[in-house]
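Readers should treat all values here as calculations from the given coordinates under stated rules, not as data from a laboratory. Not measured: the values here are computed from a predicted model. Cβ atoms come from the backbone with ideal geometry, glycine included; neighbour counts cover every protein chain shown.
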Amino acid sequence: MDAPLMRFDKTRKILELARALASSATGMTLDEMCRVTGCSRRTVERMRDTIRDVFPQMEEIQDHPTKRFHIPKGLDGFFQDPTTDELSDLGVAIATLRDAGATARAQSLGSLATKIRAAMRQGRRRTAETDVEALLRAERIAVQAGPRPTEDPVVLTVLRQALLGMKMLHFTYYGGSKPGASRKVVPYGIIFGRMNYLIGADAGATKPKHWRLDRVDNLEALDEAAAPPDDFDLAAFANTAFAYFEGPQENVVLHVLPGGMDDFKNYRFHASQTVEDHPEGGVIVRFRASGMLELAWHLFTWGNKIEIVEPVSLRQQMITELRVALAHHEEPLRFSYTVNAKAS
């Protein structure tokens, strides 16, 4: 790296560390500063000393057996103004959520973007808005085919209040084995994705279930204490199924054939997957998950680039689904259609 670039990178890291020290409520240890900056302890000590020269109000807090460092009252606007890239990425995230049907979160982030701009210095705000507008016209994340999760801001507000207040939920659920039934549920968390789900357990039970938010109606938080078990981990729970379908956990083994390696090199089937080379080419992918039907649907998109090794039931499920689809499309059309072709 050229000397000027090295100096620029060092300055950038010092400013980023100063922001981190100002935004931390409890202060940061030297080890935490190392993790934030990616620098060695000795380098971080020099950076801390430089920051203390610029911000003499930096506090040193005793937290035996170590120390924490903190810049109280934050930094002034010159240091805190967001960059053009940061504002542009926020704008792209808002547009992506809106296009995907996640209107509630798009509105929330849009409100955040407005507050950020309002806090910026006027001259900097005018310059940034011009640049951000140009970038937003040139950047957009493609929206993939598939379900568009609906988001009701009122529903999300009630769910979040119940989660924070540890309150029981009551709603009518138009899904499951008894559509339209009244439910009392202990909320555990929310999972956003192609479909949005409340994760919770029936009152009196502890086993978590998925509740599709678009099938929840008449939602209310009751004045009744309810909280997930202390050992419940939402991230770990989200990774048990291949996608969203519940079912027994199974060991899955897939052979990505040599012809599929270009597609697989930047791909992940599951958070728990392990990958090993196959002696005859390609790789073996192993993971444990539920949701075999949805996994079979997904593996169809890989065509002849992948083989299902285990479980045998998944391989049979794939064969069954393919036969059903083939039989359906080999039948004559059930209705007559008129296709208007444009003249060439």
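Values for this structure:
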{"item": "On Cα atoms only, tilt of 103-119 relative to the major axis of the chain in degrees", "result": "10"}
{"item": "In degrees, nearest ten, helix 153-165 long axis to first principal axis of the chain (Cα)", "result": "70"}
{"item": "Quarter of the Cα convex hull surface for the stretch 250-329, i.e. its orientation-mean projected area (nm²)", "result": "5.4"}
{"item": "Cα pair distances exceeding 22 angstrom across the stretch 3-78, given as percent", "result": "17"}
{"item": "Additional length obtainable on full extension of the chain from Glu331 to Phe232, 0.36 nm per residue less Cα span", "result": "30.8 nm"}
{"item": "Relative contact order of the chain, defined on C-alpha pairs under 8 angstrom at six or more residues apart (%)", "result": "9"}
{"item": "Between helix 312-330 and the chain: long-axis angle, C-alpha atoms, 0 to 90°, nearest 10", "result": "60"}
{"item": "Inter-probe distance in nm under a simple model that places probes 7 Å from Cα toward Cβ, at Gln273 and Arg12", "result": "3.1"}
{"item": "Percent RCO, i.e. relative contact order, over the stretch 250-329, from Cα pairs under 8 Å lying at least 6 residues apart", "result": "39"}
{"item": "Mean separation of Cα contacts under 8 Å, 6 or more apart, over the residue count of the stretch 161-238: relative contact order %", "result": "35"}
{"item": "Range in the chain, longest, excluding exposed GluC sites (Glu not before Pro) [loop by DSSP; at most 15 other beta-carbon atoms within 10 Å]", "result": "1-138"}
